[in-house]
Amino acid sequence: MEKNSKKTFYITTPIYYVNDVPHIGHAYTTIIADALARFQKLAGKAVFFLTGTDEHGQKIEKAAAEKGLTPKALADSVVGRARDLWKALDISYDFFIRTTMDFHEKGVQKLFQALVDRGDIYKGEYKGWYCVSDENFLPDDVPLEAEGYKTCPDCGKKASVVSEETYFFRLSAYRDKLLDLYEEHPEFVRPQSRLNEVASFVRAGLKDLSITRTTVKWGVPVPGDPKHTIYVWFDALHNYVTGVGYDWNPELFQKFWPADIHLVGKDILRFHAVYWPAFLMAAGLPLPRTVYGHGWWLKDDTKMSKSKGNVLDPQALLRVFGPDPLRYFLLREIPIGQDGNFSHEGFLHRVNSDLANDFGNLVQRTLTMIGNYFGGEITDPEEETAEDRKVRTDFEDLKRRVFGLYDACAISKALEEIWAYIGIVNKYLADNQPWIMAKDPARRRRLARVLLQAAAAIRGASYLVFPVMPGSAERIWGFLGEGKKPADVPYDGLEFGGFGSGRKVGMPQALFPRVALKDFLGEETAAPEAPPNVRQEQKKEGKEAMDIITYDEFKRMDLRVAHILEAERIPGATKLLKLVVDIGAEKRQMVAGIAETYAPEDLVGKKLIVIANLKPAVIRGVESQAMLLAAITADNMALIPFFDRDVPAGAVVK
Ligand code: ME8
């Protein structure tokens, strides 16, 4: 499996079925692959990024018939819309493969024949149950329903009986070889938990796999026996080799195969981690390094899927926000192996808070000040103080960590680290108050240093977010008067000092729109009914009857005056502060989402109101034993009501 891994990087997405246009779930896989591909390019590798469409099989045959189209016409129209979507999402794939492409069909036939020649494919009779929606044969142990049919254990749809002559692939012969593979190369399946699932499936024993159909016309014909078509999964999996030149571009194939990462949803991990390596072993081809099974985006707690009809169309979000907020949200919200629940509220919160408030504001403020105070050109800055140097050294540390995290596919963690640094730079500005310095001509050189440091930090942070938000990073580099684009700077050439004095900086234009939920929903008037999270929001706004509680219910709350004794940031959490408060009889520790509104040192000594009898909760690993009261403004600032005269800690509030 070893190859010149230092110089090349080959990444794939699944090829998507063309029964319908891609939704947010498909966009998710494709965006992850794009971010990893862009990062590996920065790391100096020659990258090949493949995506495409899976166009054969019964599912497509059926979908086309329902629409009154030929399968090819359906495929053509969906492919056009898929390509438009990838363009709108700034996806930088190198090749878009369609399984109806001539060289692919020929490659599949050649590989099929090679397996026949080696004795790994033989003719027989298949009797069993088949799920068209998943294009999958049901395992024997799926029970018969009382009504006499079987239900697909994966998608819950009704399966149908298949009884026909077929060619089998001798999968059973590969059980031990596959187990050896998982043992010797545990990185073959990631995350680790999924490797265990796959290995126990294989350990339980493998049956030979039916890989041709006589009842499906829309498929690649079996060489020499064209009344059979090749099973759609045998056909589709081989896109990963035909798409990179197998049998038509030996140089390309030699350069990039085997793949470094096949990125797939966990729904199709078994096809990729069991069948695919077995096919490759049979063909004598090198095996891919890693099959990475990511989690699902859920809507209302069920998997978003075309067949369930609960999909979200990314175009509605793209029209309002452009690609980067969606790319950021999907990659930041969940680590790659986990499931996530998509809500508009969650999306807007991230966009307004992380992008508009934290990052966008920092860029806006800094560049505006450089424009107003220096005519866009910082000159003659004072020497770095220890505080200024820390902004630099923190960046150098951050850079190393973030590169390591991207390389390990931990994109969400990388973004979390970058945002913690953005928090540090925001605090640096808040502490130094350049807008006050600007009033004092004697402090002009100090002012120049502070703004120079902030601009260099912004340049560096933009570079680090480039794989995730390429368009925004480029725009920010443009505002900063940078001649190069982030993509032109290899990551070992990125220096904090790359932004020096004497650079002509332009005035920024709005970077990330701040959008309120109700304004956004106005965009989506076509939606028949607002999703539950939105209904909740409407309720908050008084559009539905208010929830009335009795005085007795209110009295159950133990509201107290609390005196803040200690306050500190929680490492890695940009919004949270840990407070220790005195509530009269005892001390309590609490976690509060107020870090964007208050600096810890401004809080110590103040008194506020807390709910003292709320069930404790663990937030970011810290137990929170009380909750404070605060007003939330439209742009998500949390304002604490303080007292206008002194009150003792522990006083009852009612
Ligand atoms: O399975 N959350 O195609 P497909 C996250 N043609 N990812 C999701 C998702 C969700 N809710 N829904 C879909 C096929 N995906 C085959 C693949 S490959 C040789 C053949 C993503 O159109 C995820 O990557 O059903 C999943 O594996 C893929 O779309 C399935 O796409």
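The values are calculated or read from the model by the stated rules, or taken from the named source; none is laboratory data. Keep in mind it's a predicted model, so treat the numbers as computed, not measured. Cβ sites come from the backbone with ideal geometry, for glycine too, and all protein chains shown count toward neighbours. Accessible surface is based on the protein model in full, side chains and every heavy atom, while ligands, DNA and RNA are left aside. Shrake-Rupley method; radii C 1.70, N 1.55, O 1.52, S 1.80 Å.
Suppose we filter segment 38-60 for residues that are assigned to a strand (DSSP E or B) and more than 15 Å from the ligand (Cβ to nearest atom); how many remain? Show your work before the answer.
Initially, segment 38-60 is screened for residues assigned to a strand (DSSP E or B), giving 46-54.
Within this subset, residues satisfying the condition of being more than 15 Å from the ligand (Cβ to nearest atom) are 46-48.
Qualifying residue count, segment 38-60: 3.
When you look at Gly156, is it exposed (fewer than 13 other Cβ atoms within 10 Å of the Cβ) and at pLDDT 95 or above, yes or no?
Numbers: exposed (fewer than 13 other Cβ atoms within 10 Å of the Cβ): yes; at pLDDT 95 or above: no.
When the stated conditions are applied, Gly156 does not pass them.
Across segment 304-321, which residue is nearest to the ligand (Cβ to nearest atom) among those that are in a loop (DSSP other than H, G, I, E, B) and open to solvent by less than 20 Å² (accessible area, probe 1.4 Å)?
Residues of segment 304-321 in a loop (DSSP other than H, G, I, E, B): 304-305, 309-313.
Checking which are open to solvent by less than 20 Å² (accessible area, probe 1.4 Å) leaves us with 304-305.
Values: Met304: 4, Ser305: 5 Å.
Per the stated criteria, the residue is Met304.
If Met590 passes every condition in (1) more than 13 Å from Ala630 (Cβ to Cβ); (2) among the hydrophobic types (A, V, I, L, M, F, W, C); (3) touching a residue at least 12 places away in the same chain (Cβ under 8 Å) but one, which one does it miss?
For Met590, the failing item is (1).
Would you please name the residue that is nearest to the ligand (Cβ to nearest atom), looking only at residues in segment 200-213 that are assigned to a loop (DSSP other than H, G, I, E, B) and either in contact with a strand residue (DSSP E or B) (Cβ under 6 Å, 6 or more places away or on another chain) or of a type in the set (Phe, Trp, Tyr) (or both)?
Step one: of segment 200-213, the residues assigned to a loop (DSSP other than H, G, I, E, B) are 204-208, 211.
Pick out the ones that are also either in contact with a strand residue (DSSP E or B) (Cβ under 6 Å, 6 or more places away or on another chain) or of a type in the set (Phe, Trp, Tyr) (or both) and you get 208, 211.
Details: Asp208: 20, Ile211: 14 Å.
Per the criteria, the residue is Ile211.
So, Lys427, is that one of a type in the set (Lys, Arg), part of a loop (DSSP other than H, G, I, E, B) and out of contact with any Lys or Arg (no Cβ under 7 Å at 6 or more places or on another chain) or not?
Spelling it out, it is not the case that Lys427 is of a type in the set (Lys, Arg), part of a loop (DSSP other than H, G, I, E, B) and out of contact with any Lys or Arg (no Cβ under 7 Å at 6 or more places or on another chain).
Identify the residue in segment 280-302 that is in contact with an Asp or Glu (Cβ under 8 Å, 6 or more places away or on another chain) and near the ligand (Cβ under 8 Å from one of its atoms) and, among all such residues, is farthest from Phe253 (Cα to Cα).
Start the filter on segment 280-302 by keeping residues that are in contact with an Asp or Glu (Cβ under 8 Å, 6 or more places away or on another chain), which leaves 282, 288-290, 295-298.
Within this subset, residues satisfying the condition of being near the ligand (Cβ under 8 Å from one of its atoms) are 295-298.
Details: Gly295: 30, Trp296: 31, Trp297: 33, Leu298: 37 Å.
The extreme case among them is Leu298.
Filter segment 470-492 for residues that are open to solvent by less than 70 Å² (accessible area, probe 1.4 Å), of a type in the set (Gly, Ala, Ser) and over 23 Å from the mean Cα position of the chain (by Cα) and give the result.
Gly478, Gly481
Would you say Ser472 is out of contact with any Gly (no Cβ under 6 Å at 6 or more places or on another chain), farther than 22 Å from Ala510 by Cβ and polar (S, T, N, Q)? First the steps, then the outcome.
Working: out of contact with any Gly (no Cβ under 6 Å at 6 or more places or on another chain): yes; farther than 22 Å from Ala510 by Cβ: no; polar (S, T, N, Q): yes.
Answer is no for this residue.
Tally time: how many residues in segment 547-567 are over 18 Å from Met627 (Cβ atoms) and of a type outside the set (Ser, Thr, Tyr)?
Of the residues in segment 547-567, the ones over 18 Å from Met627 (Cβ atoms) are 547-548, 550-552.
Still in the list and also of a type outside the set (Ser, Thr, Tyr): 547-548, 552.
Residues that pass the stated criteria total 3.
Check Lys110, Lys59, Lys106, Lys87 and return the single one that is closer than 30 Å to Met469 by Cα and either in contact with a Cys (Cβ under 7 Å, 6 or more places away or on another chain) or open to solvent by 10 Å² or more (accessible area, probe 1.4 Å) (or both).
Details: Lys110 fails: closer than 30 Å to Met469 by Cα; Lys59 fails: closer than 30 Å to Met469 by Cα; Lys106 fails: closer than 30 Å to Met469 by Cα.
Only one candidate passes the filter, namely Lys87.
Within segment 269-322, which residues are in contact with a Ser or Thr (Cβ under 7 Å, 6 or more places away or on another chain) and among the charged types (D, E, K, R)?
Lys308, the sole residue that qualifies.
Tell me, yes or no, whether segment 241-262 has at least one residue that is crowded, with 23+ Cβ neighbours inside 10 Å, assigned by TED's automatic domain parsing to the domain that holds Asp117 and of a type in the set (Ser, Thr, Tyr).
Looking through segment 241-262, at least one residue is crowded, with 23+ Cβ neighbours inside 10 Å, assigned by TED's automatic domain parsing to the domain that holds Asp117 and of a type in the set (Ser, Thr, Tyr).
Taking the criterion of being more than 19 Å from Leu206 (Cα to Cα), over 39 Å from the mean Cα position of the chain (by Cα), part of a strand (DSSP E or B) and assigned by TED's automatic domain parsing to the domain that holds Lys217, would at least one residue in segment 164-173 satisfy it?
Within segment 164-173, the subset more than 19 Å from Leu206 (Cα to Cα) is 164-165.
In the following step, the residues that additionally are over 39 Å from the mean Cα position of the chain (by Cα) were identified as 164-165.
Going one step further and asking which of them are part of a strand (DSSP E or B), we end up with 164-165.
Remaining after also requiring assigned by TED's automatic domain parsing to the domain that holds Lys217: 164-165.
Yes, the conditions are met somewhere in segment 164-173.
For the condition modelled with pLDDT under 95 and crowded, with 20+ Cβ neighbours inside 10 Å, what is the one hit in Val47, Val78, Val21?
Values: Val47 fails: modelled with pLDDT under 95; Val78 fails: modelled with pLDDT under 95.
After applying the criteria, what remains is Val21.
Going by the structure shown, is Phe103 modelled with pLDDT of 95 or more and assigned to a strand (DSSP E or B)?
Values: modelled with pLDDT of 95 or more: yes; assigned to a strand (DSSP E or B): no.
No, not satisfied.
What do you reckon, is His272 within 10 Å of the ligand (Cβ to nearest atom), under 22 Å from Tyr174 (Cβ atoms) and open to solvent by less than 20 Å² (accessible area, probe 1.4 Å)?
yes
Could you tell me which residue of segment 214-240 is surrounded by the most Cβ atoms within 10 Å (Cβ to Cβ), considering only residues that are aromatic (Phe, Trp, Tyr) and away from the ligand (no atom under 11 Å from the Cβ)? So that I can check it myself, show each step before the final result.
First, pick out the residues of segment 214-240 that are aromatic (Phe, Trp, Tyr): 218, 231, 233-234, 240.
If we keep only those that are away from the ligand (no atom under 11 Å from the Cβ) too, we end up with 218, 231.
Values: Trp218: 22, Tyr231: 27.
Filtering segment 214-240 for residues that are aromatic (Phe, Trp, Tyr) and away from the ligand (no atom under 11 Å from the Cβ), the one surrounded by the most Cβ atoms within 10 Å (Cβ to Cβ) comes out as Tyr231.
So Val78 passes all but one of these: (1) in a helix (DSSP H, G or I); (2) within 21 Å of the chain's Cα centre (by Cα). Which condition number does it fail?
(2)
Checking the structure you have, find out if any residue of segment 185-199 is in contact with a strand residue (DSSP E or B) (Cβ under 8 Å, 6 or more places away or on another chain), open to solvent by 40 Å² or more (accessible area, probe 1.4 Å) and not aliphatic (A, V, I, L, M).
Yes - at least one qualifying residue is present in segment 185-199.
Within segment 107-128, is even one residue of a type in the set (Lys, Arg), part of a helix (DSSP H, G or I) and more than 30 Å from Ala27 (Cβ to Cβ)?
At the first step, the residues of segment 107-128 found to be of a type in the set (Lys, Arg) are 110, 118, 123, 127.
The next check asks that each one be part of a helix (DSSP H, G or I); those that pass are 110.
Now restrict to residues that are more than 30 Å from Ala27 (Cβ to Cβ): 110.
There is at least one residue in segment 107-128 that is of a type in the set (Lys, Arg), part of a helix (DSSP H, G or I) and more than 30 Å from Ala27 (Cβ to Cβ).
Go through segment 322-345 and report how many residues are away from the ligand (no atom under 15 Å from the Cβ), open to solvent by 50 Å² or more (accessible area, probe 1.4 Å) and at pLDDT 95 or above. Can you show your working first?
Of segment 322-345, the ones away from the ligand (no atom under 15 Å from the Cβ) are 322-325, 328, 332, 344-345.
Filter once more, keeping what is open to solvent by 50 Å² or more (accessible area, probe 1.4 Å): 345.
Narrowing the set further to residues that are at pLDDT 95 or above leaves none.
Final tally of qualifying residues: 0.
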